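Colleague: First the structure, which I've put down as structure tokens, then a few questions once you've had a look.
Coordinate-derived values only; no laboratory data. As the structure is a computational prediction, the values presented were derived from the model and not from experiment. Cβ coordinates were reconstructed from backbone atoms using ideal geometry, including for glycine residues, and neighbour counts include every protein chain displayed.
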Amino acid sequence: MSVWVDLQGQESVVAQLRRAAQSGAPTHAWLLTGPPGSGRSNAALAFAAALVCEQPELAARGCGVCKACHTTMAGTNADVTFIATEKTTISIDEARSLVRKAHDSPSSARWRVMIVGDADRMAERTTNVLLKAIEEPPPRTIWILCAPSPADVLVTIRSRCRTLTLRLPPVDDVAALLVRRDGVEPGLALTAARAAQSHIGIARRLATDAGARERRDATVRLPLNLRDVTTAVLAAASLLELAQAEAASSNEERDAVEKAKLLESLGAPETGTLPPPLRAQVRALEEDQKRRAKRSVTDHLDRALTDLLSFYRDVLVLQLDARGVTGAGPASVELVNEPLRAALQEYAAGARPETTLARMDAVNAVRRRLTTTNVAPLLALEAMAVSLL
Ligand SMILES: [Zn+2]
């Protein structure tokens, strides 16, 4: 099983990365871009694995079975450094330590691979620290930067990288991935892939966590209960609570996995008291996780609003379909929220497309306010919910 197998729907990017890894002399700086959920980090890890793979034959690199491939995909290979902080930004100290590390020769592999998972979350001053390392890289170091789009990275960095762009994979490909990789039942995989609108990480979470599914379902149903100002205010409060609960639950899952990985990589005993130097590392991780949790509520609230938007998106599609605009014919348009079709149809029949568009604008406006200003979330959501009436 090769390291590329989970990158369905990205044939052109995979072909280029594979060719580079098998060429023996790859470009030393890469920028992988694509919308959130398109699998940028997965692609970066697969490329890294193919670079450090132990197969002697160039054409066999990225085998997916050797120790180097395995440890890279698990995030524990000593020659592959992955920095993907979900704190607000990558700090200048982290960038400096990354640059120092880039100058170490690889311990066992041919290449040292440095992956920056959120190259868009760096201040300009931090980026400048990386710039020199990317301009004049140590001979056996390869940089892989990931960002939503080339425009999110300073032009000075961008111009020194080879840029490849991933697309959001089709729903069917995401569903197939969940079935094969995570053992999800096909029907559930398809529903989750649709509901996540092809965001691979969210689709996996929806497919494997019943609580996450229930919270999303409750979010999407909120418009069905909007009748007056009182119900609107209640809906706003529910929306915030659902996003907070989802943030807490997904953080808890990830924090535990990260801690287990850290302890394993430190060779720490499974039980008992940790020796002081290890304790310091665990504490540093826990502090990172706390910082991340703060940002995470905003991210999850944005996600919940995207889910809410998908309700109106489906309503609009049904309204346009009823007018013969989509040309798809009755009941054949694809809905993001297929299980809600009957309720969506009823809702669609009771409103005009112009109204639906205005409601979508109201949701998008609050998303912008929440990510760009310091407005109190509940107040912003209440104002939005009232305008959805
Ligand atoms: Zn291998």
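Colleague: Starting with the fewest neighbours, write out Asp173, Asp307 ranked by other beta-carbon atoms found within 10 Å of each beta-carbon.
Modeller: In increasing order of surrounding Cβ atoms, one gets Asp173, Asp307.
Colleague: Follow-up question, since we're still on this one. Give the distance, in whole Å, between the Cα centre of the stretch 41-106 and the Cα centre of the stretch 250-312.
Modeller: Using only Cα atoms to place each centre, the spacing works out to 20 Å.
Colleague: Another question, then. Testing the spin-label approximation: label points 7 Å from Cα along Cα→Cβ at Ser97 and Asp361. State their distance in nm.
Modeller: Modelled inter-label distance: 4.8 nm.
Colleague: What length, rounded to one decimal in nm, is gained on full extension from Arg341 through to Ser249, with 0.36 nm per residue of separation minus their alpha-carbon distance?
Modeller: 30.3 nm
Colleague: Which FRET efficiency, nearest 0.05, do Val282 and Arg162 yield, Cβ-Cβ r, R0 45 Å?
Modeller: Using R0 = 45 Å, I get an efficiency of 0.75.
Colleague: Tell me the trypsin sites (Lys or Arg not before Pro) within the stretch 220-267 that lie in a loop according to DSSP and have at most 10 other beta-carbon atoms within 10 Å.
Modeller: Arg227
Colleague: Where Lys and Arg each count +1 and Asp and Glu each count -1, what net charge lies around Val171 among other residues with Cβ under 13 Å from its Cβ?
Modeller: Computed value for this residue: -2.
Colleague: State the extension gain, in nm to one decimal, for the chain segment bounded by Glu135 and Ser105, taking 0.36 nm per residue of separation less the distance between their alpha-carbons.
Modeller: Roughly 9.1 nm would be gained on extension.
Colleague: Comparing Leu318, Leu278, Leu130, which has the greatest mean-square fluctuation in the GNM of the chain with Cα pairs linked when under 10 Å apart?
Modeller: Leu278
Colleague: State which entries of Lys67/Lys290; Lys261/Lys294; Lys67/Lys261; Lys67/Lys259; Lys259/Lys294 exceed 26 angstrom in Cα-Cα distance in the structure shown.
Modeller: Correct reply: Lys67/Lys290.
Colleague: Additional query: Restricting to DSSP loop positions (anything but H, G, I, E, B) with no more than 10 other Cβ atoms inside 10 Å of their own Cβ, which GluC sites (Glu not before Pro) remain in the stretch 243-326?
Modeller: Glu270
Colleague: Here is a follow-up. With each run of n ≥ 4 DSSP H residues scored as -39500 (n - 2.57), what mean residue ellipticity at 222 nm is computed for the chain after dividing by its residue count and rounding to the nearest 500 deg cm²/dmol?
Modeller: Rounded to the nearest 500, the figure is -19000 deg cm²/dmol.
Colleague: For His70 and Val229, FRET efficiency with R0 = 56 Å and r from the beta-carbon atoms, rounded to 0.05?
Modeller: Computed FRET efficiency for Val229 and His70: 0.45.
Colleague: Evaluate the chain: find the radius of gyration of its Cα atoms, find its Kirkwood radius, and give the ratio Rg to Rh.
Modeller: Dividing the radius of gyration by the Kirkwood radius yields 1.00.
Colleague: Here's a follow-up. Could you work out the Rg to Rh ratio of the stretch 160-279, with Rh taken as the Kirkwood radius (inverse of the mean 1/r over all Cα pairs)?
Modeller: Reported Rg/Rh (Cα atoms, Kirkwood Rh): 1.12.
Colleague: Counting other C-beta atoms within 10 Å, and keeping those with at most 10, which DSSP coil GluC sites (Glu not before Pro) do you find in the stretch 27-92?
Modeller: Loop-located and lightly packed - Glu57.
Colleague: Just add up the charged neighbours of Thr27: K/R +1, D/E -1, any other residue whose Cβ is under 12 Å from the Cβ of Thr27.
Modeller: Neighbourhood net charge equals +3.
Colleague: Set the Förster distance to 35 Å, then compute FRET efficiency between Glu334 and Glu264 from the Cβ-Cβ distance, nearest 0.05.
Modeller: 0.25
Colleague: So for the stretch 79-200, averaging the separation of alpha carbon pairs under 8 Å that are six or more residues apart and normalising by length, what relative contact order in percent results?
Modeller: Relative contact order for the stretch 79-200 comes out at 22 percent.
Colleague: Using +1 on the beta carbon of Lys and Arg, -1 on that of Asp and Glu, and nothing else charged, what's the dipole of the stretch 178-219 about the Cα centre, debye to 20?
Modeller: The dipole magnitude comes to about 140 debye.
Colleague: I would also like to ask the following. Compute the relative contact order of the stretch 292-375 as a whole-number percentage, counting only Cα pairs closer than 8 Å that sit 6 or more residues apart in sequence.
Modeller: 39
Colleague: Toward the positive end of the charge dipole of the chain, about the Cα centre and with charges on Cβ (Lys, Arg +1; Asp, Glu -1), which of Ala102, Pro275, Thr231 goes farthest?
Modeller: Ala102
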